[in-house]
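Inspection log for the structure reproduced underneath, given as structure tokens.
The values are calculated or read from the model by the stated rules, or taken from the named source; none is laboratory data. Quick caveat, the model's predicted, so the values are computed rather than measured. Every residue, glycine among them, receives a Cβ derived from its backbone with ideal geometry; neighbour counts consider all protein chains shown.
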Amino acid sequence: MFEAVLSAETWRKCVTAIGSLVEEVPLKITAEGIELRAMDPSHVSMIDFKMNKEVFAEYKTDKEAIIGIDIEDMSKFINRSRSDDILVLKLDEEKNKILMVLKGTSTRRFGCQLIDVTEQSNLKMPTLNTTSKVRLSSQAFREGLKDANIVSDHVSLRADDAFYMNAEGDTGDIEVKIEKGDPDLYEIIVSAGASSTFNLSYLTDMSKSIPGEMSIEIGNDMPVKIEFEIEGASFVFILAPRVER
Amino acid sequence: MHVPKTNLCTICRGHKKLCGRGICPILEKKRIRESIVPLINKDIFGASPSAFFVGDWNYPKVLVGPLVPPVHEGTDIFDLPEAWHGKELDEIIKFRSLLVRSKEFVKVTDAKNPKGYLEKSQEIVMSKKPVDVELVLKKTPHFALEFSQFSPPTGPSEFVESFKIAENPKVPRVIDKINSDDIKASKGISLLYDKDIPVSHISKLLSAGLLGEQKNRKLVPTRWSITATDDSLSKSHLKKIKSSPEINKFEIYHDEDVGNKFVVILFPSMWCYEFLECWLPGSLFLESSLSPNVISDHELFDGRNEYASLTAGAYYAARFSVTEHLYERRRQSGALVFMEVHPSYHTPVGVWRVREITRNALQKKPESFDTEEEVLKKASEILSLPFEKYREKSNILSFKHRQKTLSDWMN
């Protein structure tokens, strides 16, 4: 038995953020809340998502379960919700479905077929020796990626006296600098200067659904770790770097 | 037809080949004109190869009309690029110039409830075989060959006075059924493809507003319909390809036609695709004195969100052929497609050549190798441009070499 109640809008935002990275995920239901960890099929990026039971208006489960969800299908359903709908999530073990009941001016029920995801259910987090951490506005980060996209399909993230985004291509080069005192920078901690380069289309997809504030941890030729929250749910995105030969 | 912007022509006058082309485009145009002009007047009676053109100018009120040649015999291949492989460029241009394009302004949304002119035109498009048509034009059209980057060239065009279908069109049952169904265009496109309707015919049906949910039916400009069909079919192939096992060798395929050389490399990987294009010096869009430039578009496993703006329709046409091949094999791979355009391609004939040459290449037996190095060496032997030029521009090759995976940080 699993039944949880929350705002449909919160769930929609979370599903969109998860869907920016992965399509098929193992969602783990525990007494403490729900969580999932998955890599994209090319093993270049990873998502770690947790939503504690406190975030839900109601949360009931009698045992742990891992269910396979096709995020694309689920987002089609949840995108049909209205912003003030209340969502009830229910597991229908018999029919192998997760039910989404939307309560608003009427009651609508969507049954989303579960899928098999045995492969990824015991995924460990990678060990990262990052040396810098930056907290900044996600809007500023997205704008920097758009700037970089003018000249290249990859971008270097660098932390030193400030946070830099650099890109270089045939047509020119671009540098975005966000430093202490800028309204877009909330915090910068640098124990040693760090710089790594990343694929822009991955980073752009990741950054799309991040609201408000985010933190970025970087090292030298090291995966980047991006953390943020969506209405109480915590997200970690990790992306492997691109290295020069 | 392309006229070089240089005073070389006045010195050469078609004899010295100073521009580097094997055939003088100006003389060639004259030759074609002389062979065709006597056949064309304002009354055209001929077998229309279920051909139909929708312009994009003045959208949403566009110029549309069937293409009718002033001849009856052998017109079945005039609008069927699937049958053009191996034909000389001049032959293709000649029969395309015979296709007189009738035109009339029609609102694209009229396809929901077609009447008169549009309804009759649609009957022609649905036919499997050429349909005899009596066409009366407002006046004798001026000889002209009209080109598009996407669609094959068409002959002279003129407004219609009247037109009559002189026989019953032979409509395949599946076309009739899908036309009367109320299903999404993308679904209709896939069903027609599964029933072996040629891709070029499917795109004409889409263009003529014969596919899609009844309430949404619209005329689609020919050039958009070609890419929309290629895109729609490859997306439906890709759904199945992405869960198929990867190939285990590096395979290379190649083919050449109408001055276009294609090399396709399939390699063990999750789905990813890149189209690299190069116009060689002396070819249609590059003067012989200039150095060639490689352009490319690509997609990774999740596909693209934006239109492939550099290589445009060619990107989607080649992707169609690659996905068709992988789908038939029930295999997944990464794919690199190289297109090299040589000076002998003196007149643009449309994006069909990309689809058909790639398709033809992939039907041959490949040479297989164990390593990327070997397969790229083979590619460099086939392509004329030094391979380094492609390597510098290839996003997929650089992604493949430089992108790390997270497994390096997992113990």
Q. Taking A:Ser20, is it under 11 Å from the mean Cα position of the chain (by Cα) and surrounded by 19 or more Cβ atoms within 10 Å (Cβ to Cβ)?
A. yes
Q: Please indicate, with yes or no, whether at least one residue in the stretch B:260-283 is in a loop (DSSP other than H, G, I, E, B), crowded, with 18+ Cβ neighbours inside 10 Å and charged (D, E, K, R).
A: no
Q: Scan the stretch A:152-189 residue by residue and report those that are assigned to a loop (DSSP other than H, G, I, E, B), in contact with a strand residue (DSSP E or B) (Cβ under 8 Å, 6 or more places away or on another chain) and within 14 Å of chain B (Cβ to nearest Cβ).
A: A:Ser152, A:Asp153
Q) Restricting to the stretch A:109-119, what's the tally of residues that are crowded, with 16+ Cβ neighbours inside 10 Å and farther than 28 Å from A:His43 by Cα? A) 1
**Q.** The listed residue being assigned by TED's automatic domain parsing to the domain that holds B:Glu388, touching a helix residue (DSSP H, G or I) at 6+ places or on another chain (Cβ under 6 Å) and aliphatic (A, V, I, L, M), out of B:Ala318, B:Ala312
**A.** B:Ala318
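If you go through the stretch A:210-217 one residue at a time, do you hit one that is among the β-branched types (Val, Ile, Thr), part of a strand (DSSP E or B), surrounded by fewer than 19 Cβ atoms within 10 Å (Cβ to Cβ) and in contact with a Lys or Arg (Cβ under 9 Å, 6 or more places away or on another chain)? Before you say what the answer is, go through the steps one by one.
Going residue by residue through the stretch A:210-217, those that are among the β-branched types (Val, Ile, Thr) are A:210, A:216.
Still in the running and part of a strand (DSSP E or B): A:216.
The next check asks that each one be surrounded by fewer than 19 Cβ atoms within 10 Å (Cβ to Cβ); those that pass are none.
No - not one qualifying residue is present in the stretch A:210-217.
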Q: Using the structure shown, decide if A:Val243 is surrounded by 21 or more Cβ atoms within 10 Å (Cβ to Cβ) and within 14 Å of another protein chain (Cβ to nearest Cβ).
A: no
Q.
Being under 25 Å from B:Arg21 (Cα atoms) and without any contact (Cβ under 8 Å) to a residue 60 or more places away in the chain is the filter here; which residues of the stretch B:327-342 pass it?
A. none
Q: Pick out the one residue from B:Lys170, B:Lys164 that is surrounded by fewer than 16 Cβ atoms within 10 Å (Cβ to Cβ), outside any loop (DSSP other than H, G, I, E, B) and basic (Lys, Arg).
A: B:Lys164
Q.
If B:Ser309 satisfies all but one of (1) surrounded by 15 or more Cβ atoms within 10 Å (Cβ to Cβ); (2) within 14 Å of chain A (Cβ to nearest Cβ), what's the number of the condition it fails?
A. (1)
Q: Just give me the residues in the stretch B:147-161 being within 15 Å of the chain's Cα centre (by Cα) and outside any loop (DSSP other than H, G, I, E, B), in sequence order.
A: B:Thr154
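Here's the yes/no breakdown for (1) part of a strand (DSSP E or B); (2) outside the structural domain of B:Lys138 (by TED's automatic domain parsing); (3) closer than 15 Å to B:Pro141 by Cβ:
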residue	(1), (2), (3)
B:Lys29	no, yes, no
B:Gly46	yes, no, yes
B:Ser50	no, no, no
B:Asp56	no, no, no
Q | Candidates A:Lys133, A:Lys97 - the one that is of a type outside the set (Val, Ile, Thr) and under 17 Å from A:Phe198 (Cα atoms) | A | A:Lys133
Q: Working carefully through the options A:Phe77, A:Phe110, find the one that is in contact with a strand residue (DSSP E or B) (Cβ under 6 Å, 6 or more places away or on another chain), in a helix (DSSP H, G or I) and away from every other protein chain (no Cβ under 14 Å).
A: A:Phe77
Q: Please tell me if A:Ala192 is away from every other protein chain (no Cβ under 13 Å), surrounded by 21 or more Cβ atoms within 10 Å (Cβ to Cβ) and farther than 16 Å from A:Leu21 by Cβ.
A: no
Q. When both residues are 6+ apart or on different chains and their Cβ atoms are under 6 Å apart, which pairs have a first residue that lies in the stretch A:25-41 and is farther than 16 Å from B:Phe301 by Cβ, and a second that is at pLDDT 90 or above and among the aromatic types (Phe, Trp, Tyr)?
A. A:Ile29/A:Phe2; A:Leu36/A:Phe49
Q | Residue check for B:Val64: out of contact with any Ser or Thr (no Cβ under 8 Å at 6 or more places or on another chain), surrounded by 15 or more Cβ atoms within 10 Å (Cβ to Cβ), in a strand (DSSP E or B) and hydrophobic (A, V, I, L, M, F, W, C) | A | no
Q | Residue within the stretch A:42-49 that is of a type in the set (Gly, Ala, Ser), surrounded by fewer than 18 Cβ atoms within 10 Å (Cβ to Cβ) and closer than 30 Å to B:Lys242 by Cα present | A | no
**Q.** Counted residues, the stretch B:77-92 - those being under 16 Å from B:Ile36 (Cα atoms) and surrounded by 22 or more Cβ atoms within 10 Å (Cβ to Cβ)
**A.** 2
Q: Answer yes or no: is there a residue in the stretch B:76-88 that is outside any loop (DSSP other than H, G, I, E, B), touching a helix residue (DSSP H, G or I) at 6+ places or on another chain (Cβ under 8 Å) and within 16 Å of B:Gly155 (Cβ to Cβ).
A: yes
Q. List, please: which pairs have Cβ atoms under 9 Å, are six or more places apart or on different chains, and start with a residue in the stretch B:385-411 that is facing chain A (nearest Cβ under 8 Å) and end with one that is surrounded by fewer than 18 Cβ atoms within 10 Å (Cβ to Cβ) and hydroxyl-bearing (Ser, Thr, Tyr)?
A. B:Trp409/A:Thr127; B:Met410/A:Thr127; B:Asn411/A:Thr127
